[in-house]
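Data first, discussion second: the structure below is written as structure tokens.
Read the figures in this text as sums done on the coordinates, not as results from a lab. In this text, all values refer to a predicted model and were calculated from it rather than measured experimentally. Counting neighbours? That spans all protein chains shown, and the Cβs are built from the backbone with ideal geometry, glycine included.
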Amino acid sequence: MTQEQPVVIVVDDDPSIRKAIDRLLRSVGLRVELFESAQEFLQSNRLDAPSCIVLDVRLPGQSGLNLQRDLAAAHMRVPIIFITGHGDIPMSVRAMKAGAVEFLTKPFHDQDLLDAIEVALEKDRALRAEEKFVVELHERFDKLTTRERQVMQLVVAGRLNKQIAAELGISEMTAKIHAKSFARCKQ
């Protein structure tokens with residue numbers, strides 16, 4: 001199974017910073033998308049690939065911290081690495097509490113950024129795998145019959161097959177068969 005190539009989204013209003021980060025990331029084989037502002041990023045087409053955002057705190061228009069807040073409110077769970085030349089402790093605490101992967105102060109070491117990106121991309125891969133798993137569980141659940149769902153609720157509640165059978169007015173063997181259907185749903 002081949003993995004889709006991840007994308008690093010860079011949002012920074014300084015063209016020299018964007019260019020430097022672009023060169024660095026491409027030198028290690030990463031795909032990069034560059035944006036000058038939060039608005040430009042929000043108007044772009046979102047890729048369906050593992051990704052993270054390298055985001056400047058201070059941007060013209062909407063700030064990086066406000067973009068982080070808006071993405072979270074829209075349930076867009078893209079890992080964010082903040083970069084700034086004007087950071088302070090309260091700002092970094094706010095970003096980290098809101099889920100940022102890292103908060104780097106300019107100038108930062110290339111390796112620090114690369115390490116943070118590696119962590120962020122792995123986090124996004126894990127989030128995507130979790131979302132895929134939940135979708136698959138819903139699809140499997142939807143295939144269960146009404147009786148299998150009733151049995152499942154009782155199995156989850158900790159009931160034994162004998163108790164399930166008595167509560168639903170079915171044979172113990174029928175309860176076992178339906179419980180096995182539920183077990184297949186979990187796999």
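List, largest first, the extents of the alpha carbons of the range 25-88 along their principal axes, each in whole Å.
For the range 25-88, the Cα spread along each principal axis is 31, 27, 18 Å.
Mind ordering 133-142, 19-28, 62-71, 35-44 by average Cβ neighbours within 10 Å, highest first?
Final packing ranking: 62-71, 35-44, 19-28, 133-142.
Suppose each label sits 7 Å from its Cα in the direction of the beta carbon; what would the H75-I89 distance come out to in nanometres?
Each label point is offset 7 Å from its Cα along the Cβ direction, giving 3.8 nm.
Go ahead and estimate [θ] at 222 nm for the chain from helices alone: -39,500 (n - 2.57) per DSSP H run with n ≥ 4, summed, over the residue count, rounded to 500.
Only helices count here, giving -18000 deg cm²/dmol.
Taking every pair of alpha-carbon atoms in the range 144-186, what share in percent sits in each 10 Å bin, from 0 to the bin with the longest distance?
Each 10 Å bin holds this share of Cα pairs: 36, 60, 4.
Work out how far the C-alpha atoms of the range 7-130 reach from end to end along every principal axis, then list the three figures in whole Å, largest first.
Extents along the principal axes, in whole Å: 35, 34, 26.
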